[in-house]
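Working notes for the structure below.
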Amino acid sequence: LTASQGGTLNNRSLADLPLNTRNAMDLVNSQPGVVGTNFNGGRSDMLNIALDGVNIQDNFITEALSTVQISTNIDRIEEVKIVTSPADAEYGRGSGQVLLISRSGTNAFHGSLFDNIHNTSLNANSWSNNRAGNPRSVQVSNDTGARIDGPIRKNKTFFFGLFEGNINRYRSTTTTTTLTDTARQGIYRFYPGATDANANALAPTVDFSGNPVQPAKATGPLQSVSLFGLDPNRLKPDTTGVISKFMGLLPSPTVFTTGDGLNTAGFNWTRASSDDIYSMNIKIDHNFNEKERLTASYAHDTEKYPNGFDAQPLPQSPIGLYTDTGTVGSLTLTSTLRPNLLNEVHAGVSRNGVQFHAPWTVPGQTQSSILPTFNNIPYLPSLPLVTTPLATGSGEDPQGRLQPTYQ
């Protein structure tokens, strides 16, 4: 008898229930007592999520069911057991439990080939893109792979193998703020008595083509002022060439519905990115006799996502990179000591490495070719009025973490 509440999803349920993402974790919310990330009153950061007895949570970010170190697609998972509350002592940690068991082989050979496709041709355009006259954002996703399982030695030893590639290609319309051609020369324009405003404003100072428009509140015609010569320390452009190099990365504006219109405006372009995840899984089961069974499993995932961190603000900008690797290995010995007494011994390790590469730390891209230096120390120039050509990740780059968990 147990006081625990919860349920179990077997392989038939995983195969038959509609699941757009093919992620077994998305079915956890189908269980009574689970509302979002709340398990019968327990928060999601009080959970234990395990694959073959080994914890696979991202133990740095625990606020969501999706933050696991390894993919949990339905071709890898045979059973999902959910304990909403209270958890029995055998589980060791967590007020709620999501216990995943990977597939095993049987006395018969089984296998599958699959390719699940999401394509732009099946997607409608967004309202904002339609309003701006922009085409649909491109999304082409292929989740393809193969699995096979069967006997190595009938009734004694079995195997399971899986390889999966989740390959994604994206193209999205992006608007970034840039300097107008006159502002690029250090000449700023304004109407006396009025505030500069883009073509979408109630009192614009430019039309949709960027031509100056005198607002009703203006007390005079368009004025121009050169920034050079006003500051005795800045009588001419930067002599080091640093600013001119970064300014050279700024394109001329193409839309005047952002910025102030006269000195800063928008540049529309299409940013491409890719997100590739490759997964493999191997599992061996061996029956020593009818009372003892040994199970060994190994799972490994790698992800490479250019523009997944510090995405390009401009077409000429270098690309940031997100990478993620996850490895889980486990060994389980199950022994039936008596008809009413069962013993399980688990040993395992999970190892997760997450890296957020800033554009100047991406492997193969040297700092010296991107960042200027002062006394041989690299630094990042700041252009507060416009989009900086180097994405800065809100001041948090670069960063990463390695999480080894031994059980």
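The values are calculated or read from the model by the stated rules, or taken from the named source; none is laboratory data. Because the structure is predicted, anything quoted here is derived from the model rather than measured. Don't worry about glycine lacking a Cβ; one is built from the backbone with ideal geometry, like all the others, and counts go over all protein chains shown. For accessibility, only protein heavy atoms count, side chains too; no ligands or nucleic acids. Shrake-Rupley method; radii C 1.70, N 1.55, O 1.52, S 1.80 Å.
Kindly identify the stretch 36-180 as rounded, prolate or oblate by the Cα gyration tensor criterion: order the square roots of the eigenvalues as a ≥ b ≥ c, call it rounded if a/c is under 1.5, otherwise compare a/b with b/c, prolate if a/b is larger, else oblate. Because a/c hits 1.5 or more and a/b fails to exceed b/c, the stretch 36-180 counts as oblate. Relative contact order of the stretch 1-145, taken over Cα pairs closer than 8 Å and 6 or more residues apart, is 25 percent. Listed by chain and number, the lysines whose C-alpha is less than 30 Å from the C-alpha of LYS236, apart from same-chain residues fewer than 8 away, are LYS245.
Report summary: the helix-based calculation at 222 nm, which adds -39500 (n - 2.57) for every DSSP H run with n ≥ 4 and divides by the residues of the chain, gives -1000 deg cm²/dmol. Taking packing as the residue-averaged number of other Cβ atoms within 10 angstrom, the listed peptides 173-183, 381-391 run from highest to lowest as 173-183, 381-391. For the stretch 219-224, the Karplus equation 6.51 cos²θ - 1.76 cosθ + 1.60, evaluated at θ = phi - 60°, returns couplings of 9, x, x, 4, 10, 10 Hz by residue, with Gly and Pro reported as x.
With Rh defined as the Kirkwood radius, the inverse of the mean 1/r over Cα pairs, the Rg/Rh of the stretch 306-407 is 1.33. Dividing the convex hull volume of the alpha carbon atoms of the stretch 227-375 by its residue count gives 223 Å³ per residue. In the context of the full set of protein chains, the stretch 164-289 has a per residue accessible area of 52 Å² (1.4 Å probe). Of the accessible area of the chain, computed with a 1.4 Å probe over protein heavy atoms only, carbon and sulfur atoms account for 55 percent.
Treating each Cα of the stretch 166-286 as an identical point scatterer and summing with the Debye formula, the log10 of I(q)/I(0) at q = 0.10, 0.18, 0.19 Å⁻¹ comes to -0.47, -0.99, -1.04. When each of the peptides 121-134, 93-106 is scored by how many other beta carbons lie within 10 Å of its residues on average, the order from highest to lowest is 93-106, 121-134. Taking all Cα pairs closer than 8 Å and separated by 6 or more residues, the relative contact order of the stretch 298-407 comes to 29 percent. Of the chymotrypsin sites (Phe, Trp or Tyr not before Pro) in the stretch 309-402, the ones in a loop by DSSP (not H, G, I, E or B) with at most 15 other beta carbons within 10 Å are TYR379. Highest mean packing comes first when the peptides 137-149, 222-234, 51-63, 330-342 are listed by Cβ atoms within 10 Å, giving 51-63, 137-149, 330-342, 222-234. Counting only aspartates and glutamates at least 8 places from LYS156 when in the same chain, those with an alpha carbon closer than 14 Å to its own are ASP285, GLU290, GLU292.
Shape class for the stretch 88-160, computed from the alpha carbon gyration tensor (a ≥ b ≥ c): oblate, with a/c not under 1.5 and a/b at or below b/c. The GluC sites (Glu not before Pro) of the stretch 266-354 that DSSP puts in a loop, and whose beta carbon has at most 10 other beta carbons within 10 Å, are GLU290.
Percent of Cα pairs in the stretch 221-286 per distance bin of 5 Å, from zero to the largest separation: 3, 9, 11, 13, 16, 11, 7, 5, 4, 4, 4, 3, 3, 3, 2, 1, 1, 0. P(r) for the stretch 1-93, from all Cα pairs and a bin width of 10 Å, is 15, 51, 31, 2 %, short bins first. Within the same chain, aspartates and glutamates fewer than 8 places from LYS291 are excluded, and of the rest, those with a Cα less than 13 Å from its Cα are GLU344. For the chain, the spherically averaged projection of the C-alpha convex hull amounts to 27.2 nm².
If each Cα of the stretch 152-223 is one equal point scatterer, what is log10 of I(q)/I(0) from the Debye formula at q = 0.17, 0.22 Å⁻¹? For the stretch 152-223 at q = 0.17, 0.22 Å⁻¹, log10 I(q)/I(0) is -0.77, -1.05. Near THR264, the amide H atoms lying under 5 Å from its own belong to THR180; only residues 5 or more places off or on other chains count, and H is placed 1.01 Å from N.
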